[in-house]
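Here's the structure we're looking at; comments come further down.
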Amino acid sequence: MTTTTDVSATAAPRRAGFTAEDAAALVGRLRATFRTGRTRPLAWRREQLSRLRALLTENGEDIAAALHADLRKSRAEADAMEIGSTVAEIDHCLEHLADWLRPRPAAVPAGRFPAGTTARSQYQPLGVALVISAWNYPVNLLLVPVVGALAAGNAVVAKPSELSPATSALMARLLPRYLDDDAVAVVEGGVPETTALLAQSFDHVFYTGNGAVGRIVMKAAAEHLTPVTLELGGKSPVFVDRDADVAVTAARLARTKFANAGQTCVAPDYVLTDPDTARALEAALPAAIGRLFGDDPQSSELYGRIVNERHFDRLAALLDSGRTVVGGTHDRADRYIAPTVLAEVEPDAPVMREEIFGPVLPILTVDGLDEAIAFINERDKPLALYAFTANDTTRERLATETSSGALNFGLPISHLSVPELPFGGVGPSGMGNYHGRHSIATFSHHRAVLDVPLV
Ligand code: NAD
């Protein structure tokens with residue numbers, strides 16, 4: 001159902017000149033709404049989720065156009081990975097929310113309390129949440145946390161990324177039209193606006209982006225003892241075992257690495273494999289890329305662009321980090337970097353020093369699983385660890401001898417689409433998690449209630 005609520009002055013998107021005083025007034029207004037109790041009933045929460053769903057299904061054209069303007073996303077990618085994935089999250093939440101919110105009885109130790117004593121735990125909304133989003137999936141990464149915040153009964157301030165300005169402007173225009181604008185606000189802008197917001201006392205801050213800013217967010221939140229969720233990035237390795245089907249592996253690697261021109265937080269970052277499998281992958285990957293984007297990916301409607309010149313220049317400088325197997329070409333005026341595979345990459349090559357976050361796939365060789373595990377464990381705990389293997393011992397060893405936000409065998413990125421799985425990092429790749437019932441836990445206080453009879 002859509003709302004006919006007019007966009008009020010206080011709910012209007014904020015641009016230049018948004019000060020800490022403006023932020024304080026905004027948070028005060030949302031907190032006043034929260035204190036009335038309006039956001040607590042299940043009916044209000046479900047209503048907001050249904051309206052958000054309507055926002056997505058009724059504005060598909062505009063959303064796809066904004067994503068195309070920002071990132072040259074194809075309509076198929078916009079439908080599947082932005083609109084469809086967010087609608088799926090909402091539907092899962094609408095289906096299970098009542099159950100997730102049910103108080104959970106806890107056993108009372110026998111003989112230590114009077115007869116009739118009961119204990120339970122139950123989720124309680126926190127208050128006003130701040131969601132700061134990144135640019136690479138600017139619809140999903142803004143709205144999926146907002147789904148969690150609203151489903152948990154909170155008011156929320158949503159701050160889209162300034163690096164995807166068309167989508168940011170669209171979200172700022174649409175959200176107040178569909179949602180309860182006394183409880184939900186969008187603040188557009190970059191560092192000054194986010195800094196003004198972070199000076200306020202929120203009840204939870206949910207940040208998606210890089211670790212350097214993650215530290216700024218956490219420091220600001222610490223001033224108010226506000227809990228944070230940090231959805232960060234890092235280099236997600238792919239181990240390809242000798243026994244893996246190379247054609248299947250190459251096809252799935254190409255599809256998941258080069259979606260959104262590699263600008264995916266859980267994109268496969270680099271491949272670790274033995275020399276024979278490396279040669280086989282070198283032979284199979286160009287064909288797999290060709291099947292996705294044709295002979296000239298620059299003219300393919302399905303292939304995206306780098307978000308801005310700064311990231312383009314950063315990526316272009318990484319293209320000499322190894323022997324080019326395929327790709328390697330670029331066009332700054334078009335912010336185009338070809339899907340690129342590099343072989344014979346050394347562990348200290350420039351492309352291995354930071355998260356790539358672009359369409360460059362280095363292949364590094366190791367003797368086998370032992371060396372791969374050592375290589376992974378010598379580096380930051382990744383957001384995702386991927387493996388292609390037919391061997392149960394390999395699976396077991398990767399599960400027990402490494403740590404990462406997620407461990408995924410056989411189909412990179414796809415763990416995001418399993419709504420019962422928590423999504424989040426560990427160590428430098430993040431803290432906390434969300435999606436489905438995990439979002440409810442993130443945006444709630446889990447309260448203990450003990451009830452002892454007065455007899
Ligand atoms: P970005 O530049 O959009 O920044 C993210 C947010 O931080 C924006 O809203 C921005 O306004 C804000 N910000 C920037 N500088 C700030 C400052 N000094 N103070 C306060 N706020 C500030 O996005 P990005 O950081 O370039 O995103 C890319 C990174 O994010 C990659 O490392 C990627 O892996 C990671 N990422 C993680 C996830 C995840 O779910 N774990 C998803 C997407 C991206």
For this session: For Val184, enumerate residues with amide H under 5 Å from its amide H, sequence gap 5+ or separate chain, H modeled in the peptide plane.
Result: Val156
For this session: Only Cα pairs under 8 Å and at least 6 apart count here; give the relative contact order of the stretch 119-270 as a rounded whole percent.
Result: 21
For this session: Would you mind checking which residues have amide H under 5 Å from Leu342's amide H? H placed 1.01 Å from N; only 5 or more apart, or other chain.
Result: Val325, Leu361, Ile363
For this session: Using Cα pairs closer than 8 Å and at least 6 residues apart in sequence, work out the relative contact order for the stretch 237-424, in percent.
Result: 28
Exercise. Longest segment of the chain with no trypsin sites (Lys or Arg not before Pro) in a DSSP loop having at most 12 other Cβ atoms within 10 Å?
Worked result: 113-352
Exercise. Dividing the Cα convex hull volume of the stretch 237-424 by residue count, how many Å³ per residue is that?
Worked result: 113
For this session: Taking a cut-off of 29 Å between Cα atoms, list the lysines near Lys219, but don't count ones fewer than 8 places away on the same chain.
Result: Lys159, Lys235, Lys381
Exercise. Hey, what number do you get for the chain at 222 nm if only DSSP H runs of n ≥ 4 count, each worth -39500 (n - 2.57), divided across all residues, to the nearest 500?
Worked result: -12000 deg cm²/dmol
Seminar exercise, completed: Sequence order, the stretch 296-301: Karplus ³J(HN,Hα) from phi using 6.51 cos²θ - 1.76 cosθ + 1.60, θ = phi - 60°, Hz rounded, Gly and Pro as x, gives 10, x, 4, 9, 7, 5
Problem set entry | Built amide H within the under 5 Å cut-off of Thr329, gap 5+ | Ala338
For this session: Could you size up the charge dipole of the chain around its Cα centre, putting +1 on the beta carbon of Lys and Arg and -1 on that of Asp and Glu, and report it in debye to the nearest 20?
Result: 1720
Exercise. Across the stretch 58-69, in residue order, what do the Karplus-derived ³J(HN,Hα) couplings come to in whole Hz, using 6.51 cos²θ - 1.76 cosθ + 1.60 with θ = phi - 60° and x for Gly and Pro?
Worked result: 8, 10, x, 4, 5, 5, 4, 5, 5, 5, 5, 5
Exercise. What percent does the relative contact order of the chain come to when contacts are Cα pairs within less than 8 Å and at least six residues apart?
Worked result: 20
Exercise. For the chain, treating each Cα as an identical point scatterer without solvent, what Debye log10 I(q)/I(0) comes out at q = 0.06, 0.10 1/Å?
Worked result: -0.28, -0.75
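Rule-based calculations on the coordinates, nothing more; no lab input. Keep in mind it's a predicted model, so treat the numbers as computed, not measured. Cβ coordinates were reconstructed from backbone atoms using ideal geometry, including for glycine residues, and neighbour counts include every protein chain displayed.
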